[in-house]
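Asker: Encoded as C-alpha cells, here's the structure I'll be asking about.
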Amino acid sequence: MGVASLTQHGERSSDFRRFWWGEAVSGLGSAITSLALQTLVLVTLQGGAVQVGWLNSARWLPYLVLGLVVGALVDRVRRRPVMVVTDVARAGLLGLIPLAWAFGALSLPLLLVVVVLFGTASLFNDAASLSFVPRLVSRGQLQRAHARLDGASAVAQTAGPAVAGMLIRVLGAPLSVLVDALTYLFSAVMVASLKGVSEPTAATPATGGARGLAKEVLDGARWAYGASGLRRLALATHVWFAGQAILLVLVVPYGYLQLDLSPLQLGLVFAVAGLGALIGAALSTRVGVRLGTGGAIICSYLVTAFGVMIMMTAASVPTGWVGASVLAAGQLCHGWAMGTSNSHEMAFRQSRTPDELQSRTNTTLRSFNRAVIVAVSPVAGLLAEAVGYRPTLGAAAAIFMVSALMLVLSPFRRARVE
C-alpha cells in the first residue's frame, strides 16, 4: 500500500507524505550517527565496551529522569512546533561534536554531555511525533501507517550503516556526524510545511501548576498500566528492552574487537539488519492478518532470541568476511523481528488510547523502556569485559525468550486490532 492511500483526502495524504519523508531522512542520519559515535568512542577516544555502555546510558538517561513529565507537558501544547524546535536543536547539538574534535577538545565526558542534551531533545520530539500520527491518519489505518514509517526506518537502517562505514573510512567518525545534523534540519522543514493538520492550542488544559502536572503524569501512568489493557504488553516489552540494551552495547565492540571487522564490514552487517527490518515491515500487515496482533509480536520476540544465538556463533568461525556473514545472519533475524513487531505494538497501544492521553501513554511506556537501557547498558559492558562477549550475548537471548513467554502465557496471545 502506498503512502498516498493511507488517507482519503489529498491534503491529509500530502501531510502524511511530508511527515514520512522527514522521518525517513532523519532516520538515515541517525543510522549513520549510531555507528559513528560508537566508532568514535572505540577508535578515536580509545575506549571499550564499558565506555560504549556509558554512551548508550547517556543517550537514554533523559527518558528515565524526565520522561513522565515530558509526556504530560507535550499533551498540553501543540505537537508540531515541538517537533520543529527539537529537530533544529538536535542538529545544533550534533554539530558541536566535529567542532570540538577540530579544536582538539573532544573527550568522553564532553561527548556524554552532548549526548544527554541530544537525548533530551529527542525525548520531546518522540513524545510529540509518536502522538502526532493519530492526527494524520484514521484509527483503522494506524497499523499500516506505522508499517510505512517502519519501512522508512528499515531503509535507513539498511543504507545508513553502509554509508556510515564508507564515511568513517573517508572522513573519520567525527565529521560523519555532520550528515545526521543536516537530516534533522530537513525533517524540521518537512514538519513545518504541513498544511492540513488542525491542532488544538492545548490537548490537555494546563491547570493546577505543579500539582496539576503531577496529576496529569499520574493519569498517564494509570492509563498505561491500568484500565487500558496495555499492562501485559508493556511489562513484556520492558523485559525485551533489557535484552536489547545488551545488544546495543555489545554488537559494535564484539565486531571490532573480537571478530576483527573493519568499519565497512560492520556497516554492511548493520545494513543487513536494516534489510531484515524492511522485509519485516513490508510483511507485517500480512503476518498480523495471519497470526493476529499478539501472535505477530510473540513470533518476532522468538525470532530475535534465535537471531542472537546465531550472533553468538560468529566467534567460532574464521574472522573477516565469514565472521561478518554469520553476525549479519543474526542481525537479519533481529531486524526482521523489529520490523514486524513495532507497527503492531504501536497500533495496539494507540488504538486503545484517547487523543488527550496519547503523549503521556507513549512517553510513559517509552520512558520505562529507555530506563531499562540506562540501567542495563553499563552492566552489559562490565559483564562483557568480565565473562566475555558470548556468555553476555547468551544472557540477551534468554531475556528475549522470557519476554516472549510472558505474552504466550497470557490472553494477549489472542489480541487483535480491528
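Any read-out appearing in this document is the output of simple, stated calculations on the displayed coordinates, not a laboratory observation. Only a predicted model underlies this, so the values are computations on that prediction, with no experimental measurement involved. Counting neighbours? That spans all protein chains shown, and the Cβs are built from the backbone with ideal geometry, glycine included.
Asker: Among MET83, MET338, which comes first, second and so on when ranked by fewest other beta-carbon atoms within 10 Å?
Answerer: On the way: MET83 26, MET338 23.
Least to most surrounded, the residues fall as MET338, MET83.
Asker: For region 347-418, rounded, prolate or oblate, judged on the Cα gyration tensor with a ≥ b ≥ c (square roots of eigenvalues), a/c < 1.5 rounded, else prolate if a/b > b/c?
Answerer: oblate
Asker: Next up: So what's the angle, to the nearest 10 degrees on a 0 to 90 scale, between helix 49-75 and the longest Cα principal axis of the chain?
Answerer: Result, in degrees: 0.
Asker: What number comes out for the charge environment of TRP336, summing +1 per Lys or Arg and -1 per Asp or Glu over other residues with Cβ under 14 Å away?
Answerer: Working: positive: ARG286; negative: ASP150.
Neighbourhood net charge equals 0.
Asker: Tally Lys and Arg at +1 and Asp and Glu at -1 over the other residues with C-beta under 14 Å from the C-beta of VAL116: what net charge comes out? Numbers along the way, then the final one.
Answerer: Numbers: positive: ARG59, ARG90, ARG370; negative: none.
Residues close to VAL116 contribute a combined charge of +3.
Asker: Explain nothing, just the number: dipole magnitude of region 3-414 about its Cα centre with +1 on each Lys and Arg Cβ and -1 on each Asp and Glu Cβ, in debye rounded to the nearest 20.
Answerer: On the way: 30 positive and 16 negative charges, 216 e Å.
With only Lys, Arg, Asp and Glu charged at Cβ, the dipole is about 1040 debye.
Asker: Something else about it: As I understand it, the value is the acute angle between the Cα axis of helix 231-253 and the longest principal axis of the Cα atoms of the chain; what does it come to in degrees, rounded to 10?
Answerer: 30
Asker: Can you work out the base-10 log of I(q)/I(0) for region 234-323 at q = 0.19 1/Å, using the Debye formula on its C-alpha atoms alone?
Answerer: For region 234-323 at q = 0.19 Å⁻¹, log10 I(q)/I(0) is -0.99.
Asker: Go ahead and collect, in residue order, the members of region 300-325 whose backbone nitrogen is under 20 Å from a label point 7 Å along the Cα-Cβ direction of LEU257.
Answerer: From region 300-325, the list is 311-317, 319-320, 323-324.
Asker: If you rank CYS333, CYS299 by fewest surrounding Cβ atoms within 10 Å, what's the result? Don't skip to the end; give the middle numbers.
Answerer: Values: CYS333 23, CYS299 18.
Arranged by neighbour count, lowest to highest, CYS333, CYS299 become CYS299, CYS333.
Asker: Could you estimate the translational diffusion coefficient of region 32-154 from the Stokes-Einstein equation, with Rh from the Kirkwood formula over C-alpha pairs, at 10 °C and 1.306 mPa s, in whole µm²/s? Mind showing how you got there, number by number?
Answerer: On the way: Rh = 16.1 Å.
Approximately 99 µm²/s, per Stokes-Einstein.
Asker: Which number comes out as Rg/Rh for region 3-414 once both Rg and the Kirkwood Rh are worked out on C-alpha atoms?
Answerer: Numbers: Rg = 20.3 Å, Rh = 21.4 Å.
Answer for region 3-414: 0.95.
Asker: Can you give me the P(r) profile for region 124-197? Cα pairs, bins 10 angstrom wide beginning at 0, each as a whole percent.
Answerer: Values per bin, smallest distances first: 15, 38, 31, 13, 2.
Asker: Distance from the Cα centre of region 54-104 to that of region 366-382, in angstrom?
Answerer: 18
Asker: Enter the angle in degrees (range 0 to 90, nearest 10) between the Cα long axis of helix 389-408 and the first principal axis of the Cα atoms of the chain, meaning the one along which they spread out most.
Answerer: Once rounded, the angle reads 30 degrees.
Asker: Do the sum for the chain: with -39,500 (n - 2.57) for every DSSP H run of n ≥ 4, divided by all residues, what is the mean residue ellipticity at 222 nm, to the nearest 500 deg cm²/dmol? It would help to have the intermediate numbers written out before the result.
Answerer: On the way: 12 runs with 331 residues, N = 418.
Value at 222 nm, helices only, nearest 500: -28500 deg cm²/dmol.
Asker: Then there is this: Between beta-carbons, use under 14 Å as the cut-off and find the net charge around ILE298, counting Lys and Arg +1, Asp and Glu -1.
Answerer: For residues surrounding ILE298, the net value is +4.
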